[in-house]
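The values are calculated or read from the model by the stated rules, or taken from the named source; none is laboratory data. If you're wondering where the values come from, they're calculated on a predicted model, not measured in any experiment. Cβ atoms come from the backbone with ideal geometry, glycine included; neighbour counts cover every protein chain shown.
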Ligand SMILES: [Zn+2]
């Protein structure tokens, strides 16, 4: 199958992943399409199911032995607001030298380019294996990458993740900690404060503690490789109470921290607890904090993969503030660089697209990369 029809099929398969179960979809259709196409090119494929039977990872291997290269990407997309799109997000539309559709840029669009590049090596004996890795749930829980980490697979010397970087190599990114903090107080009639425990008043103190911590993080950590050179904290959403004449019985806050590489996330979470939990006793409320996090990432110094990608693209490596599956692949022993054809500005946006002019340079880059790593 040719590149555009392949991309059409991938975009038509809704593979939205979300922590909101009412819009969460599986990725099996995408995984099965890729497995089918890659088997046709001589790959050995292994579908690795997740706990949710609608979801799976794919490990497709050409050649064998130690070393080699993993070309990796996620097959899920973020949810989309269809009413803000000019076209159907699940229909590939070519217009103005662009390919529009949900996942064209981030990042189902990477796989047909990989398959085009791979065609050049069919029938050529590879000295080291070439592995195509397609994962599930990158946009929601990282469950696919976590399953790979637990299984200890795949193994290879090098890995490239085709996330949207505008064809520039990325060797460093921040982590993401998403925190959900819930204060359970006790509601009661507003006329007498002693009848309840006001969760919103405790939240006022929590916000004060968090903003103090935010400023400390900003002042104490610094990495000039990032355009925002310090760890950030964003207070994202807050909900609480239901009427002016009731004591606020429950209040919850969603916030996010983006630590720099090298920062200990477990310690940071402990610090948040130390600052916030003493308010329970003071105010007679219960505070719970749920975490979800992706570690920060930096390639090892003297990374050979950085050198290869810099020489092939003639771009120096850069740092970005979005998180990827790179730390999981690095933990599996791979030398990882992130580089893909899309632009992050078009990711997670209505009218997401991949520019046609990016396609051939990406295929050419991948052919050279496979040649350097596998022949
Ligand atoms: Zn992505």
(Q) Restricting to the stretch 31-55, count the residues that are in contact with a helix residue (DSSP H, G or I) (Cβ under 7 Å, 6 or more places away or on another chain) and part of a strand (DSSP E or B). (A) 3
**Q.** Criterion: farther than 21 Å from residue 160 by Cα, out of contact with any helix residue (DSSP H, G or I) (no Cβ under 7 Å at 6 or more places or on another chain) and in a loop (DSSP other than H, G, I, E, B) - qualifying residue of 22, 64
**A.** 22
Q.
Taking the conditions exactly as written (at pLDDT 95 or above and surrounded by 20 or more Cβ atoms within 10 Å (Cβ to Cβ)), does residue 215 satisfy them or not?
A. no
**Q.** Given (1) over 15 Å from residue 163 (Cβ atoms); (2) more than 16 Å from the ligand (Cβ to nearest atom); (3) at pLDDT 95 or above, number of the condition residue 353 does not satisfy
**A.** (2)
Q: Output the number of residues of the stretch 314-329 satisfying the condition of being within 12 Å of the chain's Cα centre (by Cα) and part of a loop (DSSP other than H, G, I, E, B).
A: 5
Q: Could you list, in sequence order, all residues of the stretch 137-167 that are closer than 16 Å to residue 110 by Cα and either more than 16 Å from the ligand (Cβ to nearest atom) or over 15 Å from the mean Cα position of the chain (by Cα) (or both)?
A: 159, 166, 167
Q. Can you tell me which residue in the stretch 305-342 is nearest to residue 70 (Cα to Cα), limited to those that are surrounded by fewer than 20 Cβ atoms within 10 Å (Cβ to Cβ) and within 16 Å of the ligand (Cβ to nearest atom)?
A. 322
Q: Determine if the stretch 75-91 includes at least one residue that is crowded, with 17+ Cβ neighbours inside 10 Å, away from the ligand (no atom under 16 Å from the Cβ), on the phi < 0 side of the Ramachandran plot and not in a loop (DSSP other than H, G, I, E, B).
A: no
Q | Neighbours by Cβ (under 8 Å, 6+ apart or cross-chain): first from the stretch 201-212, surrounded by fewer than 12 Cβ atoms within 10 Å (Cβ to Cβ); second assigned to a helix (DSSP H, G or I) | A | 212/275
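Okay, residues lined up against (1) within 13 Å of the ligand (Cβ to nearest atom); (2) more than 27 Å from residue 52 (Cα to Cα); (3) in contact with a strand residue (DSSP E or B) (Cβ under 6 Å, 6 or more places away or on another chain):
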residue: 103; (1), (2), (3): yes, no, yes
residue: 121; (1), (2), (3): no, yes, no
residue: 124; (1), (2), (3): no, yes, no
residue: 133; (1), (2), (3): no, no, yes
residue: 169; (1), (2), (3): no, yes, yes
Q: Being part of a strand (DSSP E or B) and within 16 Å of the ligand (Cβ to nearest atom) narrows it down to one of 58, 113, 99, 71, so name that one.
A: 71
Q | Members of the stretch 248-267 found to be crowded, with 20+ Cβ neighbours inside 10 Å and in contact with a strand residue (DSSP E or B) (Cβ under 8 Å, 6 or more places away or on another chain), listed by number | A | 248, 249, 251, 253, 255, 257, 258, 259
Q | Set 28, 9: member being buried (at least 17 other Cβ atoms within 10 Å of the Cβ), touching a helix residue (DSSP H, G or I) at 6+ places or on another chain (Cβ under 7 Å) and in contact (Cβ under 8 Å) with a residue 12 or more places away in the chain | A | 9
Q: Any residue in the stretch 93-106 that's without any contact (Cβ under 8 Å) to a residue 60 or more places away in the chain and closer than 14 Å to residue 7 by Cβ: show its pairings with residues that are within 15 Å of the ligand (Cβ to nearest atom) and in a loop (DSSP other than H, G, I, E, B) at Cβ separation under 8 Å, as long as the two are six or more apart or on different chains.
A: 93/101
Q.
Consider the stretch 244-277. How many of its residues are more than 22 Å from the chain's Cα centre (by Cα) and either within 14 Å of residue 183 (Cα to Cα) or touching a residue at least 24 places away in the same chain (Cβ under 8 Å) (or both)?
A. 16
